[in-house]
Amino acid sequence: MKSAHKVELIREHYPDMIRKRLSQGGKSQYISDAVLGGIDGCITTFAVVSGSVGAGFPSSVAVILGFANLIADGFSMAISNYESSKAEQDFIESIKKSEERHIDEIPEGEREEVRQIYRAKGFSGDLLEQVVDTITANKRIWLDVMLAEEHGLGKTAQRPLISAGVTFLAFISVGSVPLMPYIMSSLENNQQFAISAFLAGAMFFSIGMLKSFALAKPIFLSGVRTLLTGGAAAALAYYAAYMLREIFNIATG
């Protein structure tokens with residue numbers, strides 16, 4: 001297994017493969033948007049379910065509040081993600097325009113910045129000057145270097161609309177799962193809650209596993225961690241609702 005993996009790594013580092021990969025540039029990833037939306041959607045709806053059960057409300061209340069929260073919170077989270085991604089995009093664009101203006105207006109000052117950046121990396125003498133001349137000979141490369149080295153900004157950036165869409169779809173699709181048993185009126189309340197808890201747990205565990213699979217991290221451990229996070233949120237909702245019911249002596253039935 002290891003030898004096959006090493007062979008694949010060697011193949012990926014052939015000069016033509018490296019050239020092809022670098023020419024494609026960095027790719028935006030939306031795993032974090034999907035994970036955030038999925039986990040938050042599942043926590044939101046299952047917390048509503050747990051809170052309704054803890055308060056002793058009928059299952060119809062869990063369905064109504066669950067779907068209302070699902071749509072409203074999903075939309076709110078998508079908008080928030082859009083605004084956050086858009087603000088980051090605007091920030092990067094403002095820095096880029098500022099650097100372009102500096103290159104046009106004070107090129108020698110910007111050349112000195114490049115010189116000091118690569119001197120700190122260990123270049124010196126004629127080699128350092130060759131590096132500076134090569135980089136500053138091409139404005140696009142010069143700008144990319146300044147963005148990356150001076151400001152720590154990558155070339156890739158999230159697309160706000162896609163980020164928002166991924167978050168919303170993940171929120172709605174995963175968040176609706178714990179509500180499915182409550183649509184089945186033939187089930188008893190305790191059966192509905194047990195099935196909902198099982199489905200929510202499966203969603204939490206699956207999201208954690210998928211996240212780790214995509215990021216090459218320990219799969220089982222991440223699944224358990226995400227499951228515990230979601231379970232803790234649901235437990236807090238249940239006991240908070242139960243305590244409030246007892247404190248205010250709310251009759252249920």
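The values are calculated or read from the model by the stated rules, or taken from the named source; none is laboratory data. Owing to the predicted nature of the structure, the values given are computational and were not obtained by experimental measurement. All Cβ positions, glycine included, derive from the backbone under ideal geometry; neighbour counts span all protein chains shown.
Taking the numbered list (1) at pLDDT below 95; (2) closer than 29 Å to Gln158 by Cα in turn, Val114 passes all entries but (1).
Does Ala197 count as within 22 Å of Ala55 (Cβ to Cβ), in contact with a helix residue (DSSP H, G or I) (Cβ under 8 Å, 6 or more places away or on another chain) and surrounded by fewer than 16 Cβ atoms within 10 Å (Cβ to Cβ)? Give the steps one after another, and end with the answer.
Values: within 22 Å of Ala55 (Cβ to Cβ): yes; in contact with a helix residue (DSSP H, G or I) (Cβ under 8 Å, 6 or more places away or on another chain): yes; surrounded by fewer than 16 Cβ atoms within 10 Å (Cβ to Cβ): no.
No: the conditions fail for Ala197.
Scanning the stretch 63-83 for residues that are hydroxyl-bearing (Ser, Thr, Tyr) and without any contact (Cβ under 8 Å) to a residue 60 or more places away in the chain, we see that the one that is farthest from Ile141 (Cα to Cα) is Ser76.
Mind listing just one residue for me: the one in the stretch 143-172 that is free of Cβ contacts under 8 Å to residues at least 60 places away in the same chain and in a loop (DSSP other than H, G, I, E, B) and, of those, surrounded by the fewest Cβ atoms within 10 Å (Cβ to Cβ)?
By that ranking, first place goes to Gly152.
Of the residues Asp133, Asp104, Asp73, which single one is of a type in the set (D, E, K, R) and either within 30 Å of Glu188 (Cβ to Cβ) or not in a helix (DSSP H, G or I) (or both)?
Numbers: Asp133 fails: either within 30 Å of Glu188 (Cβ to Cβ) or not in a helix (DSSP H, G or I) (or both); Asp104 fails: either within 30 Å of Glu188 (Cβ to Cβ) or not in a helix (DSSP H, G or I) (or both).
None of the other options fit; the residue is Asp73.
Filtered by the rule that a residue be under 19 Å from Ser60 (Cβ atoms) and within 17 Å of the chain's Cα centre (by Cα), the stretch 174-233 gives a lone residue, Gly175. Has the stretch 206-217 got any residue that is surrounded by 21 or more Cβ atoms within 10 Å (Cβ to Cβ), in a helix (DSSP H, G or I) and without any contact (Cβ under 8 Å) to a residue 24 or more places away in the chain? So far as the stretch 206-217 goes, yes, one or more of its residues are surrounded by 21 or more Cβ atoms within 10 Å (Cβ to Cβ), in a helix (DSSP H, G or I) and without any contact (Cβ under 8 Å) to a residue 24 or more places away in the chain.
Within the span defined as the stretch 132-142, one or more residues are at pLDDT below 95, surrounded by fewer than 12 Cβ atoms within 10 Å (Cβ to Cβ) and within 30 Å of Asp33 (Cβ to Cβ). Residues that are under 27 Å from the mean Cα position of the chain (by Cα), surrounded by 17 or more Cβ atoms within 10 Å (Cβ to Cβ) and not acidic (Asp, Glu) are absent from the stretch 121-131 altogether.
For first residues located in the stretch 43-62 and within 23 Å of Ala170 (Cβ to Cβ), partners that are of a type in the set (D, E, K, R) and in a helix (DSSP H, G or I) and lie 6+ apart or on another chain with Cβ distances below 7 Å form the pairs Thr44/Asp73.
Evaluate the following for Ser94: is it in a helix (DSSP H, G or I), of a type in the set (S, T, N, Q) and either in contact with a Pro (Cβ under 9 Å, 6 or more places away or on another chain) or modelled with pLDDT of 95 or more (or both)?
Values: in a helix (DSSP H, G or I): yes; of a type in the set (S, T, N, Q): yes; either in contact with a Pro (Cβ under 9 Å, 6 or more places away or on another chain) or modelled with pLDDT of 95 or more (or both): no.
For Ser94, the condition - in a helix (DSSP H, G or I), of a type in the set (S, T, N, Q) and either in contact with a Pro (Cβ under 9 Å, 6 or more places away or on another chain) or modelled with pLDDT of 95 or more (or both) - is not met.
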